[in-house]
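The values are calculated or read from the model by the stated rules, or taken from the named source; none is laboratory data. Note that this is a predicted model, so its numbers are computed, not measured. Don't worry about glycine lacking a Cβ; one is built from the backbone with ideal geometry, like all the others, and counts go over all protein chains shown. Remember, those area values only see protein heavy atoms, side chains included, never the ligands or the DNA or RNA. Shrake-Rupley method; radii C 1.70, N 1.55, O 1.52, S 1.80 Å.
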There are 2 protein chains.
Amino acid sequence: MKQDVSSLVAQAREGRPRAVARLISLVEGASPQLREVMAALAPLTGNAYVIGLTGPPGVGKSTTTSALVGAYRRQGRRVGVLAVDPSSPFSGGALLGDRVRMSDHASDAGVYIRSMATRGHLGGLAWAAPQAIRVLDAAGCDVILVETVGVGQSEVEIAAQADTSVVLLAPGMGDGIQAAKAGILEIGDVYVVNKADRDGADATARELNHMLGLGEARRPGDWRPPIVRTVASRGEGIDEVVAALEKHKGWMDERGVLVDRRRERAAKEIEVIAVTALRERLADVHGGQRVRVLSLAERVLAGELDAYAAADEVTRALASG
Amino acid sequence: MKQDVSSLVAQAREGRPRAVARLISLVEGASPQLREVMAALAPLTGNAYVIGLTGPPGVGKSTTTSALVGAYRRQGRRVGVLAVDPSSPFSGGALLGDRVRMSDHASDAGVYIRSMATRGHLGGLAWAAPQAIRVLDAAGCDVILVETVGVGQSEVEIAAQADTSVVLLAPGMGDGIQAAKAGILEIGDVYVVNKADRDGADATARELNHMLGLGEARRPGDWRPPIVRTVASRGEGIDEVVAALEKHKGWMDERGVLVDRRRERAAKEIEVIAVTALRERLADVHGGQRVRVLSLAERVLAGELDAYAAADEVTRALASG
């Protein structure tokens, strides 16, 4: 049954959760109406502040996310939460089983929570997340928290979707910092040492501070990421995280960094969509491209051609339509 | 220093491990000589039997791989092992720390072991693995074992690289089978229940057998994947795995499935290279495309254009050269 996109968009802007859910399903599932939805949303977006939360498993990401939702709600802001699970093929509006603390907000009309699976998606996270973010943005969310769920190699991808990236750590993960440093130390705008009431919190913060100092030369601009200590399960330190986020947003606004990041993000999104479209064109059996690729593959198997020379022929063929 | 590719290839074919290592580094690192190497290897490949090994962490993948290496060596075959770690950015010829059992074969000139990291690679596993496989193939390996190391969501990708896919399970992972069934039950040509001396081995094999029966309708052809029980750490059942592999290879040869799979694999490789090339073209700042994408991104940010309409403009621009 064809849905009326403009009425769905109007309902979403009124804050109707079912309309928001339906729009996300439409953009996520690459439905025939995807383009219509995206065109309808385009003029309505750009208002939300997008915060990414990443960190190793066990640091308390969902507890911290939930505490941040509470803090923003107390400020009267509308909040969207996008819980991205790169290891699952199942998306939906339902709460994930292990996100117990999120249920604090389940009945709050000012909070929209959505889990999104990206496994198996063409284009993956980089394709699916921006579109869901755009729906939440158009629906009037002032703040959107994008959190990875479970084990993921997607810290960098999540960070790329956000205006500000929060990296969470916890005490006793010193080795974890070492192992993760390649990725994690380059993406954080704000660092949180959660479970700061536990032994080793000082050591973790100190090590992190040291490593951020070492990496300073590689950071653009003059923003030195703050390290905030929290006990998210008791709400301790959450106001300080919010303050650090506001400060980072202010700094970005002042220096033009926010616009630069958003432009890069939109450019990346355009590229992913374009590349995905080209890939689909390659896979299109009926369009003849696929047949052509298979006949090139025959020649590669026969040793007449290497895969690179074959790929050159494919890109030439795509270029000529 | 420019290396003489043809002499490297000649040395690799004589079985010199350093030449093999150097060639893999050249193809893996997207060096300027990549194309020259691939062109030189093209006529020399297609002889190796490529076996993929996947399964959840803790089932004994590397132990089983090592036992299979031993079995094939006893048959006088030359064996290549490619241990793919999708979560690591570090590749190399060195053994990984936790692959202790592999050191049984470290001094055997008939075995070439290589670890390969695919994190952060443009095109990822699908791009890097076929090229390393081609080097090992050209170097005269009769059998190439491609194994995932660590936690990965890459079972399906590894399976796509292999002639025959072995899926490993272990007792006490019943829930694991449930969770993984979407992926794992569709890719295995041979199933191994390792640690079969432990409690629950019967239940695991039975559950697996049941689920494979349910999925039978979705399987092409008349191959019913066998379930082999092993205690790889003691070498038990390994000859039966080798026999199951040979049987599967024979079945594929007879039905033309092997050629079909290899053609599909080559086609996929060509597509990945072509898409990667197009993506690089998009990212090429100096070529002007990148500038064009950024100006489209501005219009997306301004709400004048949605990302799909912008992507259409990009694919049109790529198509016109």
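Points worth noting:
- Rounded to the nearest 0.05, the FRET efficiency derived from the C-beta distance between B:ARG13 and A:GLU186 at R0 = 60 Å is 0.90.
- Proximity of backbone amide H atoms, modeled 1.01 Å from N, is registered between A:VAL146 and A:ILE51, A:GLY52, A:LEU53, A:LEU82 at under 5 Å, excluding neighbours fewer than 5 places apart on the same chain.
- Amide H to amide H distances under 5 Å link A:VAL228 with A:TYR191, A:VAL192, A:VAL193, where only residues 5 or more positions off or on other chains count and H is placed in the peptide plane.
- For B:PRO43, inter-copy label distances in nm, listed shortest first [label point 7 Å out on the Cα-Cβ vector]: 6.4
- Taken over the range B:39-90, the percentage of Cα pairs per 10 Å bin, counting from 0 up to the bin with the maximum distance, is 18, 41, 32, 8.
- Area hidden from solvent between B and A (accessible, protein heavy atoms only, 1.4 Å, total, Å²): 4800 Å²
- For A:GLU280, the shell of other residues with beta-carbons less than 12 Å away shows a net charge of +1, using +1 for Lys and Arg and -1 for Asp and Glu.
- Table column - 3J(HN,Hα) (Hz), the range A:57-65, Karplus curve with 6.51, -1.76, 1.60, x for Gly and Pro: x, x, 8, x, 5, 6, 5, 5, 4
- Nearest-first distances (nm) between copies at B:ARG234, label 7 Å from Cα via Cβ: 5.2
- Derived scalar couplings ³J(HN,Hα) [the range B:270-283; Karplus, 6.51 cos²θ - 1.76 cosθ + 1.60; whole Hz; x for Gly, Pro]: 4, 5, 5, 5, 5, 5, 4, 5, 5, 5, 5, 4, 4, 7
- Carbon-plus-sulfur accessible fraction, the range B:269-319 (probe radius 1.4 Å, protein heavy atoms only): 50%.
- 3J(HN,Hα) from dihedral phi, the range A:67-74, Karplus parametrisation 6.51/-1.76/1.60, rounded to Hz, x for glycine, proline: 5, 5, 4, x, 5, 5, 5, 4
- Segment B:ARG224-B:ASP284, length gained on full extension (0.36 nm per residue, minus Cα span): 16.8 nm
- Over the C-alpha trace of the range B:269-319, radius of gyration and Dmax come out as 11.9, 38 angstrom.
- Centre separation in Å (Cα based) which lies between the range A:14-86 and the range B:269-309: 25 Å
- Amide H contacts of B:ILE113 (H built 1.01 Å from N, under 5 Å, at least 5 apart or other chain): B:VAL81
- Taking the label point 7 Å along Cα→Cβ, A:GLY250 and its counterparts in the other copies are spaced 7.7 nm apart, in ascending order.
- Solvent-accessible surface (1.4 angstrom probe) belonging to A:GLU14, in square angstrom, nearest 10: 120 Å²
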